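Just so you know, all these numbers are worked out from the coordinates, no wet-lab data involved. Being a predicted model, the structure only gives us computed values, none of them experimental. Because the Cβ atoms are built from the backbone with ideal geometry, glycine has one as well, and the counts that use them run over all protein chains shown.
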Amino acid sequence: MTTVSRPEPPPARTHKEVRKWIGKSIRRVEDPKFLRGRGGYIGDMTLPGMLHAAMLSSPYAHARITGIDTAEALAAPGVHAVITGAQAAELTGPLPDFGPNPAAHTWRCLAVEKVRYVGEGVAVVVADSRYLAEDALALINVDYEPLPPVTDMERALEEGAPLVHEDLGSNCAYERTFQFGEVERDFADADVVISDRLRWRRSGGQPLETVGALADFDLATGQLTVHTNSLSFTSYLFMVAGTLKIPANKLDIRPMPAGGSFGSKLFATKPAVIAGMCSRAAGRPVMYLEDRVDNISNCDHHGSDRVYDVQLALMRDGTMRGIKIDTVDDYGAYIQFGVGHHGNALAQVVGPYRIASVEYRVRAALTNKNQQGAYRGFGSEVNNWMLEQMVDKAARQLGIDPVEIRRRNFIREFPYFIPTGNVYDSGDYDGVLDKALKLADYDYWRAEQAKAREEGRYIGIGLITAQERSVFSATEFWFWFDKPGAPVTSMPESVTLKVDATGGITATLYSCAFWGNSPETMVAQLVAEEFDCDPRDVSIVYQGSKNGLPATGPGGSRTTVMLAGAVEGASAKIKAKARRATAHLLEASPDDLEWVDGGYQVKGSPEARKTLAEIAVMLHLFKHSFPEDMESGLEDSKVFDHPYTTMPSADRKDLGVFYPFMGHACHVPVIEVDIETGRVSFLSYAAVHDCGTLVNPRSLAGHIVGGTAQGIGTALYEEYVYDEGGQLLTSSYLDYLIPTAMEVPELKFAHHETPSPWTPHGIKGGGEGGRMMAPAAINVAVNDALAPLGVRLTELPLTPDRILAAIRAARESPR
Amino acid sequence: MDKRDITLIVNGSPSMVSVEPRKLLVDVLREDLGLTGTHIGCEHGVCGTCTVLLNDRSVRSCITFAVQADGARIRTVEGLANGADLHPLQDEFWDKQGLQCGYCTPGMLMRACEIIEQNPDPSPEQVREGIASNLCRCTGYQFIVEAVCAAASRMRGDEQRPHQATTPTEAKA
């Protein structure tokens, strides 16, 4: 075994035992405006003289553009500009791209010489209204020379396949095999090796609001202001300025509330670039707002699309030893986030189990489809599904109860370094499992299942135990390369707190626009906890990128933890100044003061006291009452950097710590399969999540329930289907099936709290919620139901067609 | 394109607008009348985000031409609250966290309004089936069902619960 020298973890924190506001399910402070229809989304915004852009999309999966005639469109009523891909390539540079070799798979806001997927933009029209812009789209004549498409990821990697990017010389954007621990030794020592081939097909976040941007270029100052619902990665927005060929200090990207994201609005820069380019060209403010077809076919945020060949090595008693994972991932036509999705998987690749060694081979295939981006889980939910299918198969093959095999392998000592080098900070997997079995009424359902089988009914119980890593550092995007183009960044998050002269507190957030999560409620509760005020009295401001502090925004279930660190740090600075000011006013020593119920007082003499408002008014208005070095005002900021991340080893046998705050959950769906129709219905569903200390239990429950609904979609209904010719068959909600209230069961949920030793208050992230677990659990449940028929499904979504085909296949060739 | 003059009685107030026959009701509400509370989701009449009540029945305003609504009474989310006082549905959605991103919420509220008007005492199952016309991508529907049932109960007067105000100061008072 390689010895790894690891930096010491940060010191363990002592958490407050009694909390006033953290842990309370207060009503969310964001909600009243949304309930009144005053949400102020991007589509609600107008500016004087605003024009509208619409995009002409490719009907071909793969074709050379041999000519575009825009004359007729330009002459159409109300049209101000028509910009083709070739013109756009003059006006803008390539889009920000963290892929392995951006110069060889160049990604632009519009296609230039050829189109690489159905839905890729080839031109935009700018007109007085969206109606007129769309009218003019129909007048653009594009000559295409169709090329053979490549749509199957494994065929794409074969010699002689049509090339998506000729400059790359191959459709393999990335390939590498990593070994962590003594894989061959563990496989040689094992009694059995369980193998399987598993297939996860692509779905996506599909928020009900699409992505949009309203850009306003000021010719007088050269300043470009872009309002958008996808502000994130503020620290990286200089790249967008580069794309738009303007100085970074002349770009201000301002956040608008987003009508859902689920990852799919993460660093979605294309709409902002298109709107910015059009505004500059037209000399007027321009709105570009995707329509639904644009969003489904061209959002650049399709989810994972993987085939796995997996081998799990175990002892006969169920003890897991090692795992070999070989995966091909269909990235589509571009690869903006590189294989970060697999970095995400490597953060928790062994799940909650003591698996000593891991081999991980990843190949990223390029095909003629819209590219992958982010979808709630960012690839680690797929790993959860893969691992749980393997554990389930092993339990069945070894004749071990599914609860028992998990208990035999649970990690119980923390902090625990998994073979990849990432650390699990804390956990109580037995505690979660016990709670879940009780909540699910597990024994009752096993008895019901036995009875049902006698009646010829197929009930299945899907017990799974899996991880939800939280708070990424950027390592996962670059440890793939021996000579990375950039070192690690700490993915900071910042908060400014201002106490006004009346003691009122305003918090400014930087990259954290509202995405349907609860940043305002979280910050309000955290500030209230620090200052003993009412969270509803805290005012929240969202700052644009200009003059913004370093910030990253939502993603990887990081927001609440990182905001908590920033609020804690800014509060400490404010309290330090307030303490000094109070000491001066009371003629006491700062060390003799204590913070009690919203003010500083002399220890042992509570009558000698100043409230925050009393301190604030003095600091704002009466500076000369204080020592020379004390400035007016009571305001401070904290840039909170990732609290625990370490460098990977040079040989990449250890990737370091990059996702340390480890949540956990146990899901137990009970389903029935109708073997005549292939329909899956829910009889019960129980879920227990452990995300450390709870800030607002109800809002976390919202992520658990809502995430589970999305996971049900992934497991049973949702798929972006491309046919062999690369046509997208699911370009509207008539075909892309999002679960309605009738497909989602009432969830029984419970929380378990194992505080993190390394985060403020012990909070772990929980935003990805039920989607981390539900696909794995439902697949296990369906296989449990159909086990008597010798059926095991290995491909998601589990559509009626696939279920019936598997049943037929088992009947025709019984095992 | 030629325009037609139509009258829409929106949230009790008549408005005369001149619109192209092809203009969708949702666009007229949002652009001509400034009522941006009604949102656009799928543009195919599937998701229900754009739901408004037209002569007390829910319609998809993204697949209804405004001229088809000439003379009709239309209710939108903006008409639900009575000044500072939220409608019981709005208040219960807030209390139960029946929303996350808020984008489907106006359509969902209007559909819930119709459900309760047609059946003041719906069972949770009836509410669940009733709101299956509207997609929500955030909540998994569970807390929406709870909220609608709680609001129906309050509107029947089963529970004399004080009306919750919307601003923090009022809420504490």
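Convex hull volume of the C-alpha atoms in the range A:599-727, normalised per residue: 366 Å³.
Of the Cα atoms belonging to the range B:88-155, the radius of gyration and Dmax stand at 10.2, 28 Å. The Rg/Rh ratio of chain B, with Rg taken over Cα atoms and Rh as the Kirkwood radius over Cα pairs, comes to 0.99. In plain terms, the residue of A:F682, A:F262, A:F414 with the fewest other Cβ atoms within 10 Å comes first and the most crowded comes last, giving A:F414, A:F682, A:F262. Note on the range A:634-708: Kirkwood radius taken over Cα pairs, Stokes-Einstein applied at 25 °C and 0.890 mPa s, translational D equal to 144 µm² s⁻¹. Within the range B:1-94, the trypsin sites (Lys or Arg not before Pro) that combine a DSSP coil assignment with at most 13 other C-beta atoms in a 10 angstrom radius are B:K3, B:R22.
Neighbouring Cβ atoms from other chains, within 10 Å of the Cβ of residues in A:36-46, number 6 on average. The alpha carbon radius of gyration of the range B:4-79, expressed as a multiple of 2.2 N^0.38 Å, is 0.95. Extension gain for the segment A:S490 to A:D534, taken as residue separation times 0.36 nm less the Cα-Cα distance, is 12.6 nm to one decimal.
Under the simplified labelling scheme, the A:E587-A:D309 pair shows an inter-label distance of 8.4 nm, with each label point 7 Å from Cα along Cα→Cβ. Reachable lysines from A:K610, Cα under 23 Å, same-chain residues fewer than 8 places away excluded? Excluding near neighbours in sequence, the set is A:K20, A:K498, A:K573, A:K575, A:K577, A:K623. Protection proxy ranking for A:753-760, A:661-668, using the average of other Cβ atoms within 10 Å per residue and placing the highest first: A:661-668, A:753-760. Taken as Cα centroids, the range A:274-313 and the range A:368-385 sit 14 Å apart, rounded to the nearest whole angstrom. Take each residue in A:700-708, count the other chain C-beta atoms within 10 Å of its C-beta, and the mean is 5.
A Förster distance of 51 Å, applied to the separation of the beta-carbon atoms of A:V18 and A:D317, puts the FRET efficiency at 0.70. Contact order, relative form, for chain B: 22 percent (alpha carbon pairs under 8 Å, 6 or more residues apart, mean separation divided by residue count).
Using θ = phi - 60° in the Karplus curve 6.51 cos²θ - 1.76 cosθ + 1.60, the 3J(HN,Hα) couplings for the range A:361-374 round to 10, 10, 10, 9, 9, 9, 9, 8, 9, 4, 7, 6, x, 10 Hz; x is entered for Gly and Pro.
When each pair of different Cα atoms in the range A:683-725 is counted once in the 1/r mean, what is the Kirkwood radius in angstroms, to one decimal? One decimal place: 12.8 Å for the Kirkwood radius. Computed on chain A, with alpha-carbon pairs under 8 angstrom and 6+ residues apart, the relative contact order is 16 percent. Based on C-alpha pairs under 8 angstrom that are at least 6 apart in sequence, the range B:88-155 has a relative contact order of 52 percent.
Scanning chain B for DSSP H helices at least 20 Å long along the axis (C-alpha atoms) with a Kyte-Doolittle mean no lower than -1.0 picks out B:142-156.
Here r is the Cβ-Cβ distance between A:T502 and A:K603 and R0 is 30 Å; the resulting FRET efficiency, rounded to 0.05, is 0.65. Which residues among the range A:445-478 fall inside the zone where the amide N is under 18 Å from a point 7 Å beyond the Cα of A:L789, along Cα→Cβ? Under cut-off, by backbone N: A:449-462.
The mean number of partner chain beta-carbon atoms within 10 angstrom of a residue's beta-carbon across peptide A:663-672 is 0. Of all aspartates and glutamates in the structure, the ones whose alpha carbon falls short of 14 Å from that of A:K435, not counting any fewer than 8 places away in one chain, are A:D443, A:D690, A:E753.
Please give the FRET efficiency for B:T7 paired with A:S732, using the beta carbon to beta carbon distance and R0 = 30 Å, rounded to the nearest 0.05. So the FRET efficiency works out to roughly 0.40. Both the radius of gyration and Dmax for the range A:68-175 are 16.6, 51 Å, in that order, over alpha-carbon atoms. Each of B:D158, A:D305, A:D97 has some number of other Cβ atoms within 10 Å of its Cβ, and from fewest to most they run B:D158, A:D97, A:D305. The residues A:E635, A:E209, when put in order of fewest to most other Cβ atoms within 10 Å, stand as A:E635, A:E209. Between A:V193 and A:F417, the contour length at 0.36 nm per residue exceeds the Cα-Cα span by 78.2 nm. Computed extension gain for A:D674 through A:D326, at 0.36 nm per residue and net of the alpha carbon distance, reaches 121.9 nm.
Between B:F65 and B:L25, the built amide H atoms are under 5 Å apart, and every one of these is 5 or more places off in sequence or on another chain. Modelled label positions at A:K250 and A:S25, each set 7 Å beyond Cα in the direction of Cβ, lie 5.2 nm from each other. Entry note: the range A:551-623 has Rg to Rh equal to 1.14, where both radii use alpha-carbon atoms and Rh is the Kirkwood radius.
Estimated from helices alone, the mean residue ellipticity of the protein assembly as shown at 222 nm is -8000 deg cm²/dmol (sum of -39500 (n - 2.57) over DSSP H runs with n ≥ 4, per residue). What separates the Cα centres of the range A:20-54 and the range A:314-337 is a distance of 40 Å. Among complete DSSP H helices in chain A, those whose alpha-carbon atoms stretch at least 15 Å along the helix's long axis and whose mean Kyte-Doolittle hydropathy reaches 0.0 are A:270-282, A:429-440, A:519-531, A:559-586, A:697-712, A:774-786. For chain A, the alpha carbon positions stretch 90, 72, 52 Å along the principal axes, listed from largest to smallest.
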